[in-house]
1. Starting from the Cα-Cα distance between residue 117 and residue 193, subtract it from 0.36 nm times their residue separation and give me the gain in nm to one decimal.
2. Report, to two decimal places, the Cα Rg of segment 1-66 normalised by 2.2 N^0.38 Å (N = number of residues).
3. According to a simple spin-label model (label point 7 Å from Cα along Cα-to-Cβ), what is the distance in nm between residue 9 and residue 165?
4. So, by mean Cβ neighbours within 10 angstrom, what's the order for 188-195, 46-53 with the highest one leading?
5. By counting other Cβ atoms within 10 Å of each Cβ, how are 203, 15 ranked from fewest to most?
6. Among 160, 34, what is the fewest-to-most ranking by other Cβ atoms within 10 Å?
7. With the cut-off at 1.5 for a/c, could you classify segment 134-223 from its C-alpha gyration tensor as rounded, prolate or oblate?
8. Using a Förster radius of 22 Å, what is the FRET efficiency between residue 150 and residue 209 based on their Cβ-Cβ separation? Nearest 0.05, please.
Amino acid sequence: MEINNIEQMVKQLKFDTNGLIPVITQHYQSNEVLMMAYMNEEAFIKSFETKKVHYFSRSRNKLWLKGETSGHFQHIKSINIDCDNDTILIKVEQDGGACHTGHYSCFYREICENDVRETSEKVFDDKKVYEDESKVLKDVYNVIVDRTINPKEGSYTNYLFDKGIDKILKKVGEETAEVIIAAKNQNKEEITYEISDLFYHLFVLMVERGVKLEDIYNELKKRR
């Protein structure tokens, strides 16, 4: 979108007397509220242009890119405004944690009667950028998806897809049995190896049946 169109959009927003507008930031899949902050016109325009969330710090009186020092960037998936044009809702894909305390969400404390308790643990420490280990699962899943689009000669994944659902289900059953045997043997390395094999074959089954990792994540979040 051209800068002129962005400026026209900015004119619709109702900033307060300090030139700021409140922003609620949510995870685009789980809808978990991650944080609440403020934007000025420049922050809104930069966010729109770069697809990464910029805020305005009232304490430092300056613009800041979320993640510029921690690496915990917020990648914009959608931007909404409320019915009065005076509040912005941004849905993002969050790198690491959103809260400066080390928690995934800034709203990690719950008021219980006359006490306040923490509802989640820190996802990273102050000295180390949090690495989302689920990225490894995404990478494996994406490679399997790519094999359906760009078949590779000699690929075991393509072999499974070519043989069809019965072969895939047979392998899932075999790998499940291998996990059970490994668990009975009480060998951690063997269990780890066999569970990894099972994960892979489950991913093949998921791709075959059109189930995405996000579907599994969302189902697990419901049960958390």
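All of the numbers you see were taken from the coordinates with simple rules; none came from a lab. Just so it is clear, the model here is predicted, and its values are computed rather than measured. Note that each Cβ is placed from the backbone with ideal geometry, even for glycine, and that neighbours are counted across all protein chains shown.
1. Numbers: separation 76, 0.36 × 76 = 27.36 nm, distance 3.81 nm.
Length difference between fully extended and current span is 23.5 nm.
2. Numbers: Rg = 12.2 Å, N = 66, 2.2 N^0.38 = 10.8 Å.
That ratio works out to 1.13.
3. 4.2
4. 46-53, 188-195
5. Values: 203 21, 15 16.
The fewest-first ordering by Cβ neighbours comes to 15, 203.
6. 160, 34
7. Values: a/c = 1.81, a/b = 1.24, b/c = 1.46.
The shape class here is oblate.
8. Numbers: r = 20 Å, r/R0 = 0.92.
The formula returns an efficiency of 0.65 here.
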